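Trainee: Got a structure here, written out as structure tokens. Questions coming.
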Amino acid sequence: MTAAPPAGPGGVVKTPRGPDLPPPARRSAARARRGLLRALPVSPAVVLLALFMAGPIGYCAYIAFTDLQLTGQAESSFIGFDNFREAFGDERFLNAVWLTLVFTVLSSLIGQNTLGLALASLMRRASKPVRTVTGAVVITAWVLPEVVAGFLLYAFFRREGTLNAVLDFLHLPSQNWMFTLPILAVSFANVWRGTAFSMLVYSAALNEIPKEITEAAEVDGAGGWRRMWHITLPMIRRSIGTNLMLNTLQTLSVFGLIWVMTRGGPGNRSQTLPLFMYEQAFQKSMIGYGTAVALLLLVVGSLFSLVYMRLLRTEV
């Protein structure tokens with residue numbers, strides 16, 4: 001048998017002391033080693049991202065400060081901020097910035113976000129057959145290639161298209177939507193194509209709300225709008241912020257949809273920044289200037305991301 005520890009003064013039994021804790025430096029080194037071990041599984045992905053994203057972005061940042069062209073001079077030269085000064089003095093660039101903001105606000109922040117939340121709320125109360133059919137129709141528009149979706153909406157809005165055929169059948173005045181309201185036409189097209197993502201995000205968020213809370217509010221006499229405003233929206237605000245951020249970034253980069261429908265026309269009235277960048281870089285062969293516009297678009301998207309992430313981080 002193991003001998004009991006000797007008793008000290010007053011009969012208090014002294015227990016042997018355990019090993020001393022390592023000093024702070026050794027603990028920090030151990031934590032660093034554990035951190036490196038945890039980082040090993042994701043290191044290949046980080047390397048690939050650095051090669052295929054950070055590398056091209058860095059090269060584009062360099063090109064934006066040169067006068068590189070596809071035709072003409074053989075060698076490019078460093079010109080500093082001349083491309084950026086030219087952009088902010090170009091009325092067509094400023095028009096593209098304005099149309100990009102209009103397109104983003106109408107189709108993403110308002111259209112996709114609001115319609116996606118409305119569909120998710122309605123489908124939550126609908127029967128299973130209605131949910132299945134509605135989900136299939138909305139998601140089909142989302143999974144279509146951008147060019148195919150653009151052609152379908154072009155056929156819908158063109159002068160001899162489906163929309164005017166319906167208006168003629170109802171004896172209502174028709175018009176050339178692609179000419180009179182081009183930015184609204186492409187905004188509607190982007191809403192039609194991208195609402196499914198918002199619907200899926202909000203459907204998942206609404207399913208996380210405990211039914212007991214909404215049932216208790218209903219028993220207390222709260223109507224549908226009050227429950228939506230005071231219960232539903234506060235409880236899914238993080239999903240709203242995430243959805244707004246992802247939709248904004250996706251909408252800022254929309255190219256094929258607008259190109260197929262209007263090519264930025266008529267008269268540059270639907271030419272957003274991606275189309276303006278393409279025109280300058282590949283149609284006018286001004287690679288340096290077009291890359292500067294692309295870099296400005298990247299900065300705008302990064303600023304939107306930082307704002308959304310800051311808002312999400314400050315929420316309780």
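Trainee: Can you order the peptides 35-48, 130-143 by their average number of other Cβ atoms within 10 Å per residue, highest first?
Mentor: By packing density, highest mean first, the sequence is 130-143, 35-48.
Trainee: I would also like to ask the following. Taking 0.36 nm per residue of separation and subtracting the Cα-Cα distance, what length does fully extending residue 237 through residue 33 add?
Mentor: Fully extending the segment from residue 237 to residue 33 adds 69.7 nm.
Trainee: State, as an integer percentage, the relative contact order of segment 216-313 based on alpha-carbon contacts under 8 Å between residues 6 or more apart.
Mentor: Details: 56 pairs, mean separation 27.0, N = 98.
RCO, segment 216-313: 28 percent.
Trainee: Let me ask something else. Using the scaling law 2.2 N^0.38 Å as the reference, what is the normalised Cα Rg of the chain?
Mentor: Cα-based Rg divided by the globular estimate yields 1.48.
Trainee: If R0 is 25 Å, what FRET efficiency do you get for residue 131 and residue 180 from their C-beta distance, rounded to 0.05?
Mentor: After rounding, the FRET efficiency stands at 0.10.
Trainee: Tell me which residues come under 5 Å, amide H to amide H, from residue 66 once H is placed; ignore anything under 5 positions away on its chain.
Mentor: 79
Trainee: Quickly estimate the mean residue ellipticity at 222 nm for the chain, helices only: each DSSP H run with n ≥ 4 gives -39500 (n - 2.57), and the total goes over all residues, rounded to 500.
Mentor: Value at 222 nm, helices only: -19500 deg cm²/dmol.
Trainee: Report the residue, chosen from 113, 268, 176, that carries the largest GNM mean-square fluctuation when the chain is represented by alpha-carbon nodes joined by springs under 10 Å.
Mentor: Looking only at 113, 268, 176, the biggest GNM fluctuation is shown by 176.
Trainee: Compare 246, 170, 257 in a GNM of the chain, Cα atoms joined below 10 Å, and give the one with the largest fluctuation.
Mentor: Result: 170 has the largest fluctuation of those listed.
Trainee: With an 8 Å cut-off on Cα pairs and a minimum separation of 6 or more residues, tell me the relative contact order of segment 82-314 in percent.
Mentor: This gives 30 percent for segment 82-314.
Trainee: Now for a different question. Choose one answer from 77, 198, 239: the residue with the largest mean-square fluctuation in a GNM of the chain with alpha-carbon springs under 10 Å.
Mentor: Largest GNM mean-square fluctuation: 77.
Trainee: A further question follows. Work out the FRET efficiency for residue 218 and residue 312 from their Cβ-Cβ distance, taking R0 = 30 Å, and round it to the nearest 0.05. Could the numbers behind the result be given before it?
Mentor: Values: r = 29 Å, r/R0 = 0.98.
Efficiency, from the Cβ-Cβ distance: 0.55.
Trainee: Place the peptides 122-128, 158-164 in order of packing, highest mean first, counting for every residue the other Cβ atoms within 10 Å and averaging per peptide.
Mentor: Values: 122-128: 12.3, 158-164: 15.0.
My ranking of the peptides, most packed first, is 158-164, 122-128.
Values in this text are rule-based calculations from the coordinates and carry no lab data. Predicted model only: the values in this text are computed from it and were never measured. Here Cβ is always computed from backbone atoms with ideal geometry, including for glycine, and neighbour counts include all displayed protein chains.
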